[in-house]
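Working notes for the structure below.
The values are calculated or read from the model by the stated rules, or taken from the named source; none is laboratory data. Note that the structure is a prediction, hence the values are computed from the model and not measured. Note that each Cβ is placed from the backbone with ideal geometry, even for glycine, and that neighbours are counted across all protein chains shown.
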Amino acid sequence: MEAARPVVEFDHHAPEFTIDPVRQYAELRDKSPVAWTESYGGHWVTTRYDDITRIARDDATFSSARNDIDGIAFVIPESKALPQYPIELDPPQSTPYRELINPLLSRSAVEALVPMIAKHVTEVIDAFIEDGSADLVHQLTNPVPTAVTLDWLGFPREDWKRLAGPIHDLFAAIPGSEREQRGGAALGFMGDRIFQLMHDRREDPKDDAISWLVAHGKAFSDDELASVIFLLVAGGVDTTTSLTGSTLVHLANHPEDRARLIREPALLDVATEEFLRKFAPSQSMARTVMTDTTIGGCPVAHGERVLIPWIAANHDPEVFPDPDRVILDRDPRGHLSFGIGSHRCAGAHLARAMFREMITQVLERFPDYRLTEPATPTESWGNQSGWDAIPVTFTPGRKRGTPAPKTTTGLDVQVLTLDAVTPIADGVVSLRLVGDGELPSWEPGAHLDLILPSGKVRQYSLTGDPADRESYQVAVLREPAGRGGSAEVHEVLTPGATLRVRGPKNHFPLVDAERYLFVAGGIGITPISAMVRAADARGADWTLLYGGRTRASMAFASALHEQYGDRVRLVPQDEFGHPDLAGTFAAAPEGTKVYCCGPEGLLTAVENTVGDLELHVERFTGGGADRVAPIPADARAFEVTLVRAGHTLRVPANRTLLEAIRDVVPGVPYDCEEGYCGSCETRVLAGAAEHRDSILSEAERAGGSTMMICVSRCATDRLSLDL
């Protein structure tokens with residue numbers, strides 16, 4: 001029995017965890033992946049990804065509720081605080097609370113907040129940008145999340161600064177310390193303000209989250225609603241402060257990563273997940289064992305406490321190779337920085353939006369910042385990591401709105417107006433962007449970074465005429481299996497909208513040559529079309545081999561063929577199959593320069609067959625490999641009944657179950673839409689699911705009691721869900 005219950009000396013609030021928590025958990029994982037410690041009344045410590053995810057998802061066996069504990073039970077040691085709902089409840093008691101707040105924090109709801117977030121970040125940076133120095137904690141990473149969260153909820157402006165410090169103190173302090181007590185005492189004001197605001201919004205509703213909560217939360221008592229609001233404040237503020245601070249410290253100490261993000265801003269979407277994995281703000285949480293069981297072969301008993309450190313799971317080398325390194329284009333799907341299971345962070349979309357805007361504006365407005373002395377970490381990283389001071393200097397800049405000289409570096413942000421949105425092929429639209437006057441020049445192969453309304457950054461090749469200095473044109477293919485950027489372009493952007501744009505930048509320049517062979521696949525025609533016109537204007541000898549799924553899906557195909565005749569060889573796959581690459585390259589004269597842009601399969605095929613010809617290719621940053629297609633090729637329609645909502649829906653073969661459900665339950669939680677985060681896990685009441693996620697075990701799939709509705713479907717004709 002002793003061998004199955006290893007005992008270690010362990011205190012996750014000790015100073016060494018602030019210095020290097022990852023090493024502490026790694027050493028324990030190597031020594032004893034599951035171990036018992038006598039600290040804080042005794043509890044189990046887990047270090048492996050699989051154990052932590054299993055515990056976090058099994059609410060029946062590992063409870064978040066207080067039960068017999070005098071204080072908050074989801075951290076160790078338990079905290080003497082008022083209840084925080086719904087994180088302190090287990091399903092089904094927690095479900096009504098999550099259904100109340102989910103619509104406020106859905107992806108579409110947060111996208112509507114992006115202009116407000118950008119305004120707050122701009123105002124905060126404007127306050128110090130001309131000084132050339134700042135403490136990024138006190139002047140950026142703490143005030144921005146506080147202002148955004150409290151503004152969104154409906155707190156008056158005078159409360160923002162008053163509450164920012166106490167909230168930070170509460171999370172930064174060692175449990176039981178004077179600083180923690182000071183922060184808690186100062187937040188007594190916030191409780192009074194919450195009750196006052198609930199009363200005021202019932203009398204005079206506003207366009208804010210508290211008005212929504214009191215209008216839609218009539219089944220809850222004032223104490224219960226106040227608990228929800230308190231948790232929204234606590235969860236929305238210092239966690240994002242921590243993540244942004246850790247990332248800024250990393251970029252200060254790793255200028256090569258900073259330079260790459262400046263050079264490739266579209267990479268920030270993927271890098272955000274890597275920063276979350278590496279610098280999890282919430283370092284650990286806890287559960288209480290409700291029935292005798294085992295963890296990693298160790299017997300655990302009813303009533304015992306278990307620490308589940310997200311930071312340890314995020315650095316498990318069995319899941320994340322080379323986990324100590326920040327790899328900007330790593331695909332860290334499945335990181336646990338937002339948790340997993342029924343208590344996965346409801347504010348994940350809001351946290352990403354705030355983080356992305358702060359990092360984007362730092363890299364745009366004072367990218368040369370440097371630490372004047374080492375950043376000061378908070379006192380305890382046991383439950384949450386963070387920083388008390390990040391002192392920096394930088395080249396002073398202008399407040400936003402101050403006129404700046406035009407440059408052509410490609411790093412400055414322009415605000416352009418969308419003049420026209422024109423369909424030009426099946427699933428492809430052309431965007432025409434105009435400014436206040438003459439735009440920076442560009443050459444064939446250049447692209448723009450479009451900062452979309454949601455904050456996503458996407459790179460699109462310029463397709464127009466470089467001689468036209470009054471407008472830019474790009475073409476965008478809607479990619480159903482993409483990461484949402486192209487869908488946003490097609491669904492959200494309309495003429496008259498304004499867009500922030502970086503560029504033009506050119507990593508795919510057309511070098512001088514006597515002969516060119518251009519190869520384009522699908523939307524890869526966009527940079528190639530401008531190159532064709534330039535080569536023709538230079539009097540060069542050139543040909544274009546252009547393939548696509550169908551003739552109707554091939555943008556610019558008709559215009560190019562009509563203008564250039566036989567030099568343009570169109571190869572629609574449904575008519576002629578795949579292009580003859582080997583024959584084309586074999587027939588090309590010596591000295592021909594080959595330019596290729598298209599899907600990865602085409603690029604690989606070209607690289608394997610081009611022989612000795614000089615090859616130039618264009619690749620954009622992707623979001624990782626081996627992603628699950630939201631809809632399988634053999635998908636078929638089925639019927640789903642949402643039992644609690646009282647709706648029966650037909651899910652056609654060309655829509656996901658999640659998309660159909662959102663038509664009637666718009667607040668249903670979801671995040672990754674690829675079956676790995678667990679946000680959309682839903683109980684199956686009847687019918688058989690066709691499981692396509694990467695979370696459920698074989699035993700869970702066989703049990704058939706739950707499914708991930710973002711990618712999974714119905715294995716039969718009908719399904720009933722607990723929604």
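Rundown of residues vs (1) in contact with a Lys or Arg (Cβ under 6 Å, 6 or more places away or on another chain); (2) more than 24 Å from Ser79 (Cβ to Cβ); (3) free of Cβ contacts under 8 Å to residues at least 12 places away in the same chain, yes/no style:
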residue	(1), (2), (3)
Arg29	no, yes, no
Pro33	yes, yes, no
Thr37	no, no, no
His43	yes, no, no
Arg48	no, yes, no
Ile52	no, no, no
Thr61	no, no, no
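Of all the numbered requirements in (1) among the polar types (S, T, N, Q); (2) within 24 Å of Pro509 (Cα to Cα); (3) within 38 Å of the chain's Cα centre (by Cα), Gln573 misses one, and that requirement is (2).
Applying the criterion of being modelled with pLDDT under 95 and of a type in the set (D, E, K, R) to the residues of region 264-284, the residue that is farthest from Gly347 (Cα to Cα) is Glu264.
Is it the case that region 156-166 has a residue that's farther than 14 Å from Val233 by Cα, in a helix (DSSP H, G or I) and at pLDDT 90 or above? Yes, because at least one residue in region 156-166 is farther than 14 Å from Val233 by Cα, in a helix (DSSP H, G or I) and at pLDDT 90 or above.
Taken together, the residues in region 442-453 that are within 18 Å of Val532 (Cα to Cα) and in contact with a Ser or Thr (Cβ under 8 Å, 6 or more places away or on another chain) amount to 3.
I'd like the residue in region 655-681 that is out of contact with any Ser or Thr (no Cβ under 7 Å at 6 or more places or on another chain) and of a type in the set (D, E, K, R) and, out of all such residues, is farthest from Gly482 (Cα to Cα). This residue is Asp663.
Contact map, region 299-322: first residue polar (S, T, N, Q) and modelled with pLDDT of 95 or more, second residue part of a loop (DSSP other than H, G, I, E, B) and surrounded by 15 or more Cβ atoms within 10 Å (Cβ to Cβ), Cβ cut-off under 7 Å, separation 6 or more or different chains; pairs are Asn314/Ala280; Asn314/Phe320; Asn314/His335; Asn314/Leu336; Asn314/Ser337.
For region 712-723, the candidate set comprises residues that are under 30 Å from the mean Cα position of the chain (by Cα) and in a loop (DSSP other than H, G, I, E, B); within that set, the residue that is surrounded by the fewest Cβ atoms within 10 Å (Cβ to Cβ) is Asp722.
In region 283-318, the residue that is farthest from Thr18 (Cα to Cα) out of those that are within 25 Å of the chain's Cα centre (by Cα) and surrounded by fewer than 18 Cβ atoms within 10 Å (Cβ to Cβ) is Glu318. The residues on offer are Val571, Val606, and the sole one that is buried (at least 17 other Cβ atoms within 10 Å of the Cβ), touching a Cys at 6+ places or on another chain (Cβ under 9 Å) and in the same structural domain as Ala535 (by TED's automatic domain parsing) is Val606. Counting only residues that are more than 31 Å from the chain's Cα centre (by Cα) and under 19 Å from Ser227 (Cα atoms), region 182-196 holds 10 of them. Regarding region 689-698, can at least one residue be identified that is more than 17 Å from Leu105 (Cβ to Cβ), of a type in the set (Val, Ile, Thr) and at pLDDT below 95? Taking every residue of region 689-698 in turn, at least one turns out to be more than 17 Å from Leu105 (Cβ to Cβ), of a type in the set (Val, Ile, Thr) and at pLDDT below 95. Out of region 244-274, which residues are farther than 22 Å from Pro391 by Cβ and either in contact with a strand residue (DSSP E or B) (Cβ under 9 Å, 6 or more places away or on another chain) or not assigned by TED's automatic domain parsing to the domain that holds Asp388 (or both)? Across region 244-274, the qualifying residues are Arg263, Glu264, Pro265, Ala266, Leu267, Leu268, Asp269.
Listed by first and then second residue, the pairs linking a residue in region 588-601 that is without any contact (Cβ under 8 Å) to a residue 60 or more places away in the chain to a residue that is acidic (Asp, Glu) and in a loop (DSSP other than H, G, I, E, B), with Cβ atoms under 9 Å apart and 6 or more places separating them unless they lie on different chains, are Glu590/Asp612. Would you confirm whether or not region 112-129 contains a residue that is in contact (Cβ under 8 Å) with a residue 40 or more places away in the chain, outside any helix (DSSP H, G or I) and in the same structural domain as Glu357 (by TED's automatic domain parsing)? Yes, there is a match, as at least one residue in region 112-129 is in contact (Cβ under 8 Å) with a residue 40 or more places away in the chain, outside any helix (DSSP H, G or I) and in the same structural domain as Glu357 (by TED's automatic domain parsing). From the residues in region 477-532 that are among the hydroxyl-bearing types (Ser, Thr, Tyr) and in a strand (DSSP E or B), which one is surrounded by the fewest Cβ atoms within 10 Å (Cβ to Cβ)? Taking the candidates together, the pick is Thr498. Taken over region 533-544, the criterion of being in a helix (DSSP H, G or I) and not basic (Lys, Arg) is satisfied by Ala534, Ala535, Asp536, Ala537. Among helices (runs of 4 or more DSSP H) entirely within region 1-91, having at least 3 residues that are among the β-branched types (Val, Ile, Thr) singles out 49-57.
Tell me which residues, restricted to region 267-317, are part of a loop (DSSP other than H, G, I, E, B) and out of contact with any helix residue (DSSP H, G or I) (no Cβ under 7 Å at 6 or more places or on another chain). Result: Met290, Thr291, Asp292, Gly297, Ala301, His302, Gly303, Glu304, Pro317. Taken residue by residue, region 434-456 has at least one member that is more than 27 Å from Gly601 (Cβ to Cβ) and not in a loop (DSSP other than H, G, I, E, B). One residue stands out in region 347-405 among those that are outside any helix (DSSP H, G or I) and among the aliphatic types (A, V, I, L, M): the one that is modelled with the lowest pLDDT, namely Ala404.
Please count how many residues of region 80-131 are at pLDDT below 90 and either closer than 29 Å to Gly188 by Cα or charged (D, E, K, R) (or both). Selection size over region 80-131: 7. Against the numbered list (1) outside the structural domain of Ala186 (by TED's automatic domain parsing); (2) surrounded by fewer than 19 Cβ atoms within 10 Å (Cβ to Cβ), Glu99 comes up short only at (1).
Applying the criterion of being out of contact with any strand residue (DSSP E or B) (no Cβ under 9 Å at 6 or more places or on another chain) and surrounded by fewer than 21 Cβ atoms within 10 Å (Cβ to Cβ) to the residues of region 132-152, the residue that is nearest to Ala226 (Cα to Cα) is Asp151.
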